[in-house]
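Data first, discussion second: the structure below is written as structure tokens.
The values are calculated or read from the model by the stated rules, or taken from the named source; none is laboratory data. What you are looking at is a predicted structure, and each value in this text was computed from that prediction instead of being measured. Here Cβ is always computed from backbone atoms with ideal geometry, including for glycine, and neighbour counts include all displayed protein chains.
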Amino acid sequence: MSSSSRFSRPVSRRVCNAVSVAMTTDRRSHSHQMGVYFVCLIALTSIFVMFGCVRAETPVAGADAASESGSVDEKESVAILAGGCFWCTEAVYERMEGITDVVSGYIGGRNANPTYQQVCTGRTGHAEAVQIFYDPSKTSFEEILKVFFKTHDPTTLNRQGVDTGTQYRSSVFYLNEEQKKIAADYIKELDEHGDFRNPIVTKLEKATEFFPAEEYHQDYFRRNPNAAYCQRVVVDKVRKFNRSFGDKIKEELK
């Protein structure tokens, strides 16, 4: 995965200067000099072998590993959802107890590092989505799905309100087979119970690389609460969450 993913971690490297120090020692005799070179050669060989073993035995934590497990570590799990404009979805989940971070971005398309302008054409295949990081000891993937299906329209194909196009499709981008099954079972349950007048059209798509959106999209509602779109659209989503999930609102936002 590229460095665009939130999971990417730089790999630290230690540099040992013991060899260069050793080579500046007394060179008065040729035999002593050759002895120093021989010692240095052994030291270098040992260092290369040591670092080679470390790289081979310790894989670098990255988005690929996280995608397979659906989690960054034991205390933080991940869900990726697309439910229309990411400003709306982000605003909802930033209020939910147990959510540690929400990142707006693009996923499911053909080209890497897409721009907002490119995605808006509807020709890249990407969906506007949010990458949700949560504490599994405080909430769950199931609870996140309940909020998802309650705060957007999962029955209209490629449209949420005034926002139209494949980039606004309703999708669950599952990170592993467990998430896929949980989502499929929940959709089946909602359809069977007749929770919606029309059939659910939400797609289950295997998660590909997630590309964070431009900085001005992040925390958009929090930073621009009085923007026209926020007042007309985002506020209604937030109010719907507050009404339906009052017990799940973060304490500091009540």
Meets criteria (more than 14 Å from G84 (Cβ to Cβ) and loosely packed, with under 15 Cβ neighbours inside 10 Å) for R232: no
Can you name the helices (runs of 4 or more DSSP H) wholly within segment 128-240 that have at least 1 residues being β-branched (V, I, T)? 141-150, 177-193
For D101, indicate whether it is at pLDDT 50 or above and either in a strand (DSSP E or B) or over 22 Å from Y168 (Cα atoms) (or both). yes
Just to check your reading of the model, which residue among Q160, Q167 is touching a helix residue (DSSP H, G or I) at 6+ places or on another chain (Cβ under 6 Å), assigned by TED's automatic domain parsing to the domain that holds F86 and either loosely packed, with under 14 Cβ neighbours inside 10 Å or more than 27 Å from K250 (Cα to Cα) (or both)? Q167
Scanning for something touching a Gly at 6+ places or on another chain (Cβ under 9 Å) and of a type outside the set (S, T, N, Q), does segment 179-187 turn up at least one residue? no
Counting only residues that are free of Cβ contacts under 8 Å to residues at least 24 places away in the same chain and either closer than 11 Å to G83 by Cβ or in a helix (DSSP H, G or I) (or both), how many does segment 111-127 have? 2
Out of K240, K248, I need the residue that is assigned by TED's automatic domain parsing to the domain that holds W87, closer than 19 Å to I144 by Cα and within 24 Å of the chain's Cα centre (by Cα). Which one? K248
